Amino acid sequence: MSEAITANGGDLHLPVGVARELEAGMDRGALSEGTQPQSGSATLEAGTEHNSSSLVSSRSEAEGSAFQPIAQLKPSTGSDARTATIDRNTTETRIKLTLNLDGQGTYNVRTGIRFFDHMLELFTRHGGFDLDLLCDGDLDVDQHHTVEDVGIALGEAFDKALGDKKGILRAGYFVMAMDETLAVAAIDLSGRTGYVVDDQVNVPLVGDFQTELVTDFFDGFARGGRCNVHVKTMYGRSNHHKIEAIFKAFARALRGAVSRDERMKDLLPSTKGLL
Ligand SMILES: [Mn+2]
């Protein structure tokens, strides 16, 4: 098993063990000699120049100068990169997806369903994630497989990027106003699957999107992400707004749930011992 680790914008596909060793303080030279492609070196150097002053000073104060070489590999937040790449292929859909939990809301989304792209784009921006997502699905049948499988793959990406879930808030909620519409979302990254969707939508299509598939998207996400997702439109008039407010509330609830808990950063946010 391997996971994609992105350091300062460079794509380094490292085995999990290597990534863990980097986190634990392995010497930077070992990475250069062992697993790092030539081009990655330049990327790391560029990133170092860009980020070194603030990162090194903050880590140095907290943990001493021995951690400096590792701090230089960190993204601009000064924390570990939390990224995942999913390549999911079935006879119904082919999905390529790269996610960064600690992004800047940048996206490149193409599912073939324009309204669904709109939802995933604003999800990424409101969540503060980065998302590259390409889905080639059997839209000649209908949109069901595409929407459900994107939900599954996106959920899997969050689960993978979160790793052991130590030091995260785990749960999050948001109440999102959008003009005349109000929607709420609650997330628990519990390791269990459950979803409730009540979108109050009363038309079969919004734009080119089959609205019954809102439910299938969150069903897929809850399964892929092994989490509980509850979303509800409290009231509203516009069906476009009802769905959009749900995706925005979902994004911001999830943003809270995946956030780092500085006070409990080495702890699993559960008394069970596993999430
Ligand atoms: Mn809109």
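What follows is calculated from the coordinates using simple rules that are stated; it is not laboratory data. A quick note: this is a predicted structure, and the numbers were derived from the prediction, not measured. All Cβ positions, glycine included, derive from the backbone under ideal geometry; neighbour counts span all protein chains shown.
Would you list Met234, Met119, Met178 from fewest to most Cβ contacts within 10 Å?
Fewest-to-most Cβ neighbours within 10 Å comes out as Met234, Met178, Met119.
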| message | Taking the number of other C-beta atoms within 10 Å as the exposure measure, put Arg88, Arg82 in order starting with the fewest. | response | Arg88, Arg82
| said: Can you tell me the length gained on complete extension of the stretch Arg94 to Asp164, counting 0.36 nm per residue apart and subtracting the Cα distance? | reply: 22.5 nm
| remark: Fewest-first ordering of Asp132, Asp164, Asp142 by Cβ atoms within 10 Å yields Asp164, Asp142, Asp132
| Contour minus end-to-end for Val196 and His144, with contour as 0.36 nm per residue of separation and end-to-end as the Cα-Cα distance? | 16.9 nm
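List, in the order given, every pair from Lys160/Lys265; Lys232/Lys265; Lys96/Lys165; Lys96/Lys248 whose Cα-Cα distance in the structure shown is over 27 Å. Each step should come with its number before you reach the end.
Values: Lys160/Lys265 18 Å; Lys232/Lys265 31 Å; Lys96/Lys165 24 Å; Lys96/Lys248 23 Å.
Lys232/Lys265, as the Cα separations exceed 27 Å there.
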| request: Starting at the first residue of region 117-134, write each ³J(HN,Hα) from the Karplus equation 6.51 cos²θ - 1.76 cosθ + 1.60 with θ = phi - 60°, in whole Hz, x for Gly and Pro. | output: 4, 4, 5, 6, 5, 6, 4, 5, 5, 5, x, x, 9, 10, 9, 10, 9, 10
| Pair-distance profile P(r), taking every C-alpha pair of region 83-258, with 10 angstrom steps and integer % | 11, 43, 37, 8, 0
